[in-house]
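The values are calculated or read from the model by the stated rules, or taken from the named source; none is laboratory data. Source: prediction; values computed, not measured. Ideal geometry is used to build each Cβ from the backbone, glycine not excepted, and the neighbour counts take in all protein chains shown. For the accessible areas, the whole protein counts, side chains as well, though only heavy atoms, and no ligand, DNA or RNA atoms are used. Shrake-Rupley method; radii C 1.70, N 1.55, O 1.52, S 1.80 Å.
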Amino acid sequence: MLCPNGAIFFALFKFGLFLTRKQNENPMTAPTETKTRPTYYEELRERGYSRRDFMKFCTVMAAYLGLEASGAAQISKALMTTPRLPVIWLHFQECTCCSESFIRSSHPMVADIILDKISLDYSETLMAASGHAAEAVMQKTMKDHYGEYVLCVEGSVSDYGDGEFCCIGGKSSRDILKEAAAGAKAIIGWGSCACNGCVQAAKPNPTHATPIHKLVRGKPIIKVPGCPPIGEVMAGTLIHIITFGTLPELDRVGRPKAFYSKRVHDSCYRRPYYDAGLFVESFDDENSKKGYCLYKVGCKGPMTYNSCGVIKWNNGTSYPIQSGHGCFGCTEENYWDNGPIYKQMASFPGFGIESNADKIGMIAAGAAVAGVAVHALATNVQKMGLIKKAIQEGKDAEQELKNPLSKS
Amino acid sequence: MKGRTLRRVFVWELPVRIFHWLNALAIVVLCVTGYLIGNPPALMSSVEASNRYLFGIIRFLHLAAAYIFIFNFAFRIYWGFVGNKYAQWKNFIPTSRTYFKEIWKVFRIDILLKPRTEHLSVGHNALAGFMYFFIFLASAFMVLTGFGLFAGMSTWWLPKLFAWVPSLFGDSEFSVRNWHHSVMWLFVVFTIIHVYLVMYHDYVEGRGELSSMGGGWKFIEEEVFEADQHAEQEAEKVKTRA
């Protein structure tokens, strides 16, 4: 479905990953039309999950969301009583790493409950249908669940010309987004592409890749940035909506506070090395082997809000800093245009690539010292008369003190 | 030749002097520690991190100096309304045409060194006052961006009030940080010129400019002092008539 969009910036390769596995109950045939949709719990039991597995999942989710002890019960109650949420999942200019991250999140049920059971009514990557049939399903979901479905968007939208850089089924990504957003209860932007434009939006941004919050107005938008976002964070955000029926508490930029309120720097296990002033100077030095702080080789952790240091990746195995590489700052606005990756300071606009604020500042300070020196010399020349007069005045006074009577 | 008749005038009150030196100290500490935070020195050490806290101390000094700088700054604004005439806010913000005329005059005499009779003022001259106004604005900018960066990790309500600051910079803490770092150099350049000009006045005019920030006294020519008093009385008259 994505490959035919010849003009899309990055070739997206879709694997029939889930298709074989889900032949019998792919989301297309999920009973979206009946009013009595099954609950998540019912569908999970049908698939062979035990109640014990289910409760474990609820507990894990409650922990990730930072809920109190009763949170697990709230989640399990919601999943047992709420009919599943209709979801439309759109892909635009992206690499599908967000979907990959999602289906590989640590708890197996996360992928199952969300992708198989959340009623993914339309997802270009994961549904079996293609062509007109797929488009028809999307139209039907939009009509049947108008005002109820959650729209998930993965990828940025090309806001250039008629939107010809990213078309799916003959429609531009911009038109598809606006059409789908009209009936959405809420919109979730998955990943940096949808939230800050990511690499497509980096200068000079030839396709005018635009994050969704700049195109959709008047709808609640949850940003779940990251390149990709952590799978558990994605699952947690959806579980919150299902459990509480409300949007999670968002930060200033629009990210769920449960996952984006702490800086990577403040939850970093290498933080003691930062506080001690022990830094990796280059990637092949002794300090690097010792696992010192990566601040001087460009780690963006001090300005980046995410839970990489807490939840980590791949079943909590590791995260970029633990693997010896600084944080990229992928969850932040203007990602890719926030200065060099392996340096702490951005180059100063208009002064060339190697010019950071300190170099310019040192030149300015040097110029001030030189200017002051020249001014001091010029003062002695220009005001010579005045200064001589003052010195003479002083000498006269000295004479008067020595010889008070000579005054008269 | 006959010497000038000088009058001893109490120009800088004690709170102004305390402000000045606290401010100077805070700026030096802030610039040095701020520079180090942006460019940490390379240390090769085999000491365990648990036995060192160098960077923590540098950051602590930066934050402590910042609080001193902020409250000192706030106090100076207050003193601009209750202090003596040399400390009044009108010395810094131009409110009349004569202020701009004086700026131009001082610029021609002191900076371009045009051979004219010296412009002798009692407190700040207009150009200096106007420059201090700009450095006040730069200070406000540093307070704003500094708190904006600190809001994310602070637990106190005061820095948290500034959590909106990054939205002025395209929601990017990266650019807040770069601006905060760049404007530091404005203070460095200011300090160089400021210290030089104090020495210039002390040297050319010989009225105790350098020591005035110590004891508060300046030595003012009798006729300059009288002209200053006269101008003030005239201004008072205009005000009461209006």
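For region A:253-274, name all the residues that are among the hydroxyl-bearing types (Ser, Thr, Tyr), surrounded by 23 or more Cβ atoms within 10 Å (Cβ to Cβ) and within 9 Å of chain B (Cβ to nearest Cβ).
Selection gives A:273, A:274.
Give B:182, B:211 a once-over and let me know the one that is open to solvent by 40 Å² or more (accessible area, probe 1.4 Å) and part of a helix (DSSP H, G or I).
B:211
Would a scan of region A:204-213 turn up a residue that is within 22 Å of residue A:184 (Cβ to Cβ), at pLDDT 90 or above and either touching a His at 6+ places or on another chain (Cβ under 7 Å) or open to solvent by 30 Å² or more (accessible area, probe 1.4 Å) (or both)?
Yes, some residue in region A:204-213 is within 22 Å of residue A:184 (Cβ to Cβ), at pLDDT 90 or above and either touching a His at 6+ places or on another chain (Cβ under 7 Å) or open to solvent by 30 Å² or more (accessible area, probe 1.4 Å) (or both).
Mind checking which helices (runs of 4 or more DSSP H) fall wholly inside region B:73-178 and carry at least 1 residues that are of a type in the set (Phe, Trp, Tyr) and on the phi > 0 side of the Ramachandran plot?
none
Return the only residue of B:70, B:58 being within 14 Å of another protein chain (Cβ to nearest Cβ), β-branched (Val, Ile, Thr) and assigned to a helix (DSSP H, G or I).
B:58
On the basis of being touching a helix residue (DSSP H, G or I) at 6+ places or on another chain (Cβ under 6 Å), within 14 Å of another protein chain (Cβ to nearest Cβ) and among the basic types (Lys, Arg), does residue B:52 make the cut?
So residue B:52 fits the description; yes.
Please go through region B:135-164 and give me each residue that is crowded, with 18+ Cβ neighbours inside 10 Å and within 10 Å of chain A (Cβ to nearest Cβ), ordered by number.
Selection gives B:149, B:151, B:152.
Within region A:377-395, which residues are in a helix (DSSP H, G or I), open to solvent by less than 50 Å² (accessible area, probe 1.4 Å) and either at the interface with chain B (Cβ under 7 Å from one of its Cβ atoms) or in contact (Cβ under 8 Å) with a residue 12 or more places away in the chain (or both)?
A:378, A:379, A:387, A:390, A:393
Out of (1) in contact (Cβ under 8 Å) with a residue 12 or more places away in the chain; (2) facing chain A (nearest Cβ under 10 Å), what's the single condition that is false for residue B:213?
It fails just one condition, (2).
Being touching a strand residue (DSSP E or B) at 6+ places or on another chain (Cβ under 9 Å), open to solvent by less than 30 Å² (accessible area, probe 1.4 Å) and of a type in the set (D, E, K, R): is that true of residue B:205 here?
It is false that residue B:205 is touching a strand residue (DSSP E or B) at 6+ places or on another chain (Cβ under 9 Å), open to solvent by less than 30 Å² (accessible area, probe 1.4 Å) and of a type in the set (D, E, K, R).
In region A:275-296, which residues are open to solvent by 10 Å² or more (accessible area, probe 1.4 Å) and part of a helix (DSSP H, G or I)?
Once the filter is applied, which keeps residues that are open to solvent by 10 Å² or more (accessible area, probe 1.4 Å) and part of a helix (DSSP H, G or I), region A:275-296 yields A:275, A:286, A:288, A:289, A:290, A:296.
Taking region B:69-122 on its own, how many of its residues are of a type in the set (Val, Ile, Thr) and either touching a Cys at 6+ places or on another chain (Cβ under 7 Å) or surrounded by fewer than 16 Cβ atoms within 10 Å (Cβ to Cβ) (or both)?
Of the residues in region B:69-122, 7 are of a type in the set (Val, Ile, Thr) and either touching a Cys at 6+ places or on another chain (Cβ under 7 Å) or surrounded by fewer than 16 Cβ atoms within 10 Å (Cβ to Cβ) (or both).
Return only the number of the condition from (1) in contact (Cβ under 8 Å) with a residue 12 or more places away in the chain; (2) in contact with a helix residue (DSSP H, G or I) (Cβ under 8 Å, 6 or more places away or on another chain); (3) not in a loop (DSSP other than H, G, I, E, B) that residue A:365 does not satisfy.
Status for residue A:365: all satisfied but (1).
With respect to residue B:111, determine if the residue is closer than 16 Å to residue A:379 by Cα and touching a helix residue (DSSP H, G or I) at 6+ places or on another chain (Cβ under 8 Å).
Spelling it out, residue B:111 is indeed closer than 16 Å to residue A:379 by Cα and touching a helix residue (DSSP H, G or I) at 6+ places or on another chain (Cβ under 8 Å).
Of the residues B:119, B:181, which is in contact with a Gly (Cβ under 7 Å, 6 or more places away or on another chain) and either of a type outside the set (S, T, N, Q) or within 30 Å of residue A:198 (Cβ to Cβ) (or both)?
It is B:181.
Can we say residue B:187 is touching a Cys at 6+ places or on another chain (Cβ under 7 Å) and surrounded by 17 or more Cβ atoms within 10 Å (Cβ to Cβ)?
yes
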